[in-house]
Amino acid sequence: MILYLRTAYWKDKTCLGKAVTTAKEHHVNEGVLISILLIEVIDAEEMPLISFENEQIKKKYWKFRNYSHKDDEETCRFIIKEMRKYSDQVTLMDALHSYVKYFRPEEILVIMQELYTLEIGTVTSMTSHDLGQILKVLQSEYSNTKECMRVAKLELAYRGVLEWDDMRCFRKCLESSPIMYAEMVSIIYKKDNEDVKREESADEKVINSVFSLFYDAKFCPAINNGNVEKEKLFEWIDEFGELLRQQHQARLFTSLLGTVFSNSLIGEDG
């Protein structure tokens with residue numbers, strides 16, 4: 001039936017609306033109804049049939065990526081708008097990667113920050129690629145601005161599908177300030193004169209994720225255009241020491257500083 005409808009649709013596009021009405025009159029299951037709706041080529045200039053369906057149907061429909069659509073800005077923006085309400089993180093990232101040319105970096109950043117409100121979806125072999133390409137747009141735009149921290153938080157949120165080298169803004173934040181590095185230290189190391197590392201109620205998944213990231217993190221503080229700025233380096237070191245004292249972890253200062261400096265660039269003085 002679906003194949004027949006698809007063929008008929010290309011001859012007479014009005015037949016699809018009639019098919020949807022007939023399907024509902026015969027109380028077909030939601031899967032069949034969605035298959036009929038997916039035949040339509042989405043065009044924002046003509047209100048798509050899915051727009052007239054209930055919330056439950058929309059939530060199922062917009063988790064698919066096998067629909068056809070007109071490739072223009074208005075239509076692609078319509079699709080992303082609907083996905084932000086009804087889809088999942090993986091499917092939305094897939095679509096956003098495809099339509100990224102139609103969105104400004106600030107719009108992309110806002111969309112990505114809203115993803116947490118959606119369910120994750122089914123992670124595929126392409127998920128890391130889609131995410132990486134979207135992040136490249138944001139990193140290129142914001143890596144040298146105050147918005148770098150917003151992108152860094154996205155990189156942290158998707159640490160599970162990103163490699164360290166993909167986390168450019170997070171690395172930039174570590175290079176410019178020791179705050180996030182000290183926060184990781186506070187999570188995985190015990191305090192001075194403390195018998196246990198952490199309370200039993202702590203989230204083990206978070207701890208394990210931070211632990212992995214902490215030991216993957218390779219960065220050089222106060223680096224700018226391939227060179228270390230000495231004055232900023234001393235500021236970074238002083239602030240890091242103060243943060244550790246505030247966290248009651250001052251004993252770690254020397255060893256952790258040695259770890260960080262092992263990633264430093266080789267300068268003219270060797």
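Quick one: if you stick a label point 7 Å off each Cα along the C-beta vector at H129 and K59, how many nm between them?
Between H129 and K59, the label points sit 3.1 nm apart.
Mind giving me the nanometre distance, one decimal, between the label points for S143 and F211, set 7 Å out from Cα along Cα→Cβ?
My value for the distance between the label points is 3.1 nm.
Where does the chain land at 222 nm, in deg cm²/dmol rounded to the nearest 500, when only DSSP H runs of n ≥ 4 count, each adding -39500 (n - 2.57), divided by all residues?
Numbers: 14 runs with 155 residues, N = 270.
Helices in the chain give a 222 nm mean residue ellipticity of -17500 deg cm²/dmol.
If I take R0 = 25 Å and measure r between the Cβ atoms of D192 and A157 in this structure, what FRET efficiency does the formula 1/(1 + (r/R0)^6) give, to the nearest 0.05?
On the way: r = 31 Å, r/R0 = 1.23.
Here the calculated transfer efficiency is 0.20.
Report the relative contact order of the chain, percent, no decimals, based on alpha-carbon pairs under 8 angstrom and at least 6 residues apart. Spell out each step's value before the answer.
On the way: 265 pairs, mean separation 28.3, N = 270.
Across the chain, relative contact order equals 10 percent.
Number of Lys pairs in region 177-265 with C-alpha atoms less than 29 angstrom apart, excluding same-chain neighbours closer than eight positions?
Qualifying lysine pairs in region 177-265: 11.
Could you compute the net charge surrounding R245? Neighbours are other residues with a C-beta less than 14 Å from the C-beta of R245; K and R count +1, D and E count -1. Don't jump to the answer; show the numbers that get you there.
On the way: positive: K191, R251; negative: D192, D238, E239, E242.
So the surrounding residues net to -2.
Taking the Cβ-Cβ separation of K13 and Q113 as r and a Förster radius of 41 Å, what is the calculated FRET efficiency to the nearest 0.05? Don't jump to the answer; show the numbers that get you there.
Working: r = 38 Å, r/R0 = 0.92.
It comes to 0.65.
Any idea what angle helix 15-25 forms with the longest principal axis of the chain, computed on alpha-carbon atoms, 0 to 90 degrees, nearest 10?
Computed tilt is about 90 degrees.
The list (i) 16.5; (ii) 15.2; (iii) 18.9 gives values of mean projected area of the Cα convex hull in nm², and only one came from this structure; which label was calculated from it?
This structure yields the entry labelled (iii).
For each pair in K24/K60; K81/K136; K13/K58; K13/K101; K59/K136; K136/K172, compute the distance between the two Cα atoms and list the pairs where it is over 25 Å. Before the final figure, lay out each step's value.
Values: K24/K60 16 Å; K81/K136 22 Å; K13/K58 21 Å; K13/K101 29 Å; K59/K136 29 Å; K136/K172 14 Å.
From K24/K60; K81/K136; K13/K58; K13/K101; K59/K136; K136/K172, over 25 Å: K13/K101; K59/K136.
Note the angle between two axes, namely the Cα long axis of helix 89-99 and the longest principal axis of the Cα atoms of the chain, as a number of degrees from 0 to 90, rounded to the nearest 10.
Relative to the chain, helix 89-99 is tipped by roughly 80 degrees.
Gain in length, E25 to Q247, computed as 0.36 nm per residue apart minus the alpha-carbon separation, to one decimal in nm? Present the calculation step by step, with values, prior to reporting the outcome.
On the way: separation 222, 0.36 × 222 = 79.92 nm, distance 6.62 nm.
Going from the current span to full extension adds 73.3 nm.
Any read-out appearing in this document is the output of simple, stated calculations on the displayed coordinates, not a laboratory observation. What you see is a predicted model, and the numbers here were worked out from it, not measured in a lab. As a convention, Cβ positions derive from the backbone with ideal geometry for all residues, glycine included, and neighbour counts pool all protein chains shown.
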